[in-house]
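Presented below is the structure to which this report refers.
The values are calculated or read from the model by the stated rules, or taken from the named source; none is laboratory data. These numbers were taken from a predicted model, which means no experiment stands behind them. Here the Cβ positions follow ideal geometry from the backbone for every residue, glycine too, while neighbour counts run over all protein chains shown. Each accessible area value is taken on the protein alone, full model and side chains, heavy atoms only, with ligands, DNA and RNA left out. Shrake-Rupley method; radii C 1.70, N 1.55, O 1.52, S 1.80 Å.
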Amino acid sequence: MPRKPTLASKETDKPIPPTQPMSSAEIEELFATFQSANPEPRGELHAVNPYTLLVAVTLSAQTTDAGVNKATRPLFETVDTPAKMLELGEDRLREAIKTIGLYRNKAKNVIALSEILVREHGGEVPRDRAALEALPGVGRKTANVVLNIAFGAPTIAVDTHVFRVSNRLGLAPGRTPIEVELGLEKAVPEAYLLHAHHWLILHGRYVCKARRPECERCIVADLCRSPEKRLPMM
């Protein structure tokens with residue numbers, strides 16, 4: 001039997017009660033429902049090419065997508081390549097993104113990764129996970145987002161929303177993001193892998209929230225057996 005860990009949400013530090021793991025048939029129905037409601041989900045970070053996507057995701061750590069977009073929309077109108085970013089320079093980049101949390105360190109990372117892209121990759125964003133993760137400020141989650149959105153790879157980026165929803169639903173229980181990611185890769189039917197993390201992110205961000213899940217408008221409430229479920233059991 002799969003482990004049923006008691007987890008802690010990053011948003012609340014409140015233990016998340018374990019949920020009975022979903023069956024293969026339930027998982028199929030879950031993603032079929034998500035697909036029916038939103039056939040072509042999209043990431044919410046503004047980007048105009050793979051490079052600006054990489055920069056946006058790097059800037060989004062511990063910051064909302066809306067907050068990143070507010071700073072990057074005007075920036076990306078003129079700065080959309082590593083070479084242009086280096087021409088802009090770290091000081092002006094800091095000024096452009098100063099509304100974003102941890103902007104000083106993030107500006108340093110963006111300049112450093114831009115230098116590496118120009119020097120080692122001909123100014124292009126690599127399609128290789130190892131090469132992406134070797135860039136300053138780029139971890140596994142960022143690499144997965146770039147590989148998925150920019151290059152159409154069926155990767156699953158596990159942020160706090162995906163982590164919470166996967167455990168809350170019993171979809172892919174795990175104590176760490178990598179456990180959840182590997183669990184999702186095994187559990188999600190191949191037909192849904194490309195968009196799986198988008199559906200889960202959006203569901204966690206707007207419906208299956210950390211502090212008060214809005215079960216009353218959840219399209220997969222009939223599949224949910226979470227102890228946190230707020231609808232009466234039928």
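General observations
- Flag if Ile156 is buried (at least 21 other Cβ atoms within 10 Å of the Cβ), touching a residue at least 24 places away in the same chain (Cβ under 8 Å) and of a type in the set (A, V, I, L, M, F, W, C): yes
- Complete set of residues in segment 129-145 that are under 13 Å from Pro50 (Cα atoms) and either modelled with pLDDT under 95 or more than 15 Å from the chain's Cα centre (by Cα) (or both): Leu132
- Taking the listed residues Val165, Val146, Val125, the one that is touching a residue at least 60 places away in the same chain (Cβ under 8 Å), in a helix (DSSP H, G or I), among the hydrophobic types (A, V, I, L, M, F, W, C) and surrounded by 21 or more Cβ atoms within 10 Å (Cβ to Cβ) is Val146, with no other qualifying.
- Options Leu75, Leu54, Leu93, Leu86; residue that is closer than 18 Å to Val145 by Cβ and modelled with pLDDT of 95 or more: Leu54
- Among (1) open to solvent by 10 Å² or more (accessible area, probe 1.4 Å); (2) under 13 Å from Val57 (Cβ atoms); (3) not in a helix (DSSP H, G or I); (4) not aromatic (Phe, Trp, Tyr) - the single one Leu135 does not satisfy: (1)
- Taken as a whole, the condition of being out of contact with any Leu (no Cβ under 9 Å at 6 or more places or on another chain), surrounded by fewer than 19 Cβ atoms within 10 Å (Cβ to Cβ) and under 30 Å from Cys224 (Cα atoms) does not apply to Thr99.
- Test for Ile219: is it touching a residue at least 40 places away in the same chain (Cβ under 8 Å), of a type in the set (Val, Ile, Thr) and farther than 12 Å from Ala157 by Cβ: yes
- Which listed residue, of Gly101, Gly183, is among the small types (Gly, Ala, Ser) and more than 29 Å from Glu40 (Cβ to Cβ): Gly101
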